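Enquirer: Attaching a single structure in structure tokens format; questions to follow.
The values are calculated or read from the model by the stated rules, or taken from the named source; none is laboratory data. These numbers come from a predicted model, not from an experiment. All Cβ positions, glycine included, derive from the backbone under ideal geometry; neighbour counts span all protein chains shown. Side chains are part of the model used for accessible areas, which takes the heavy atoms of the whole protein and leaves out ligands, DNA and RNA. Shrake-Rupley method; radii C 1.70, N 1.55, O 1.52, S 1.80 Å.
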Amino acid sequence: MCVILLLTLFGGSTRIINATAKVKSIEITTLPEQCTYNVGDGYSTKGMVVVAKMSDGTKETIDNSKITSFSGVELTEGRAFTQVGWKSVELRYGGAKTTYGIAVFEPL
């Protein structure tokens, strides 16, 4: 069964949404404002834009609060970094994953 929804956007335009579309992949289109941190700084996704490519060919911008971030442990907004080094951050949403890198330094 296929479920189709009609969505009327502000300004009067109507868009058809396939409610059964699945996430095929996610892509970071804009990196977060902060990709370098000091030990003790809190993780932030501020400014990051992630787009989901859907199985029906559409693309959707994902609210950052719905994305799960990992770098060995789950990273939540404000979680302080405790070790220096280059970190690979894995983003997960709807079964899809992508990564980006950050650096953590000793404070001066």
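Enquirer: Of all residues being farther than 17 Å from Y100 by Cα and among the β-branched types (V, I, T) in segment 29-71, which is nearest to the chain's Cα centre (by Cα)? Just the residue, please.
Expert: So the residue we want is T61.
Enquirer: Here is a list of conditions, (1) more than 28 Å from P107 (Cβ to Cβ); (2) within 14 Å of the chain's Cα centre (by Cα); (3) free of Cβ contacts under 8 Å to residues at least 60 places away in the same chain, and I26 meets all of them except one; can you say which number that is?
Expert: Result: I26 fails condition (3) only.
Enquirer: Can you find, within segment 55-103, the residue that is least open to solvent (accessible area, probe 1.4 Å) among those that are in contact with an Asp or Glu (Cβ under 8 Å, 6 or more places away or on another chain) and part of a strand (DSSP E or B)?
Expert: S69
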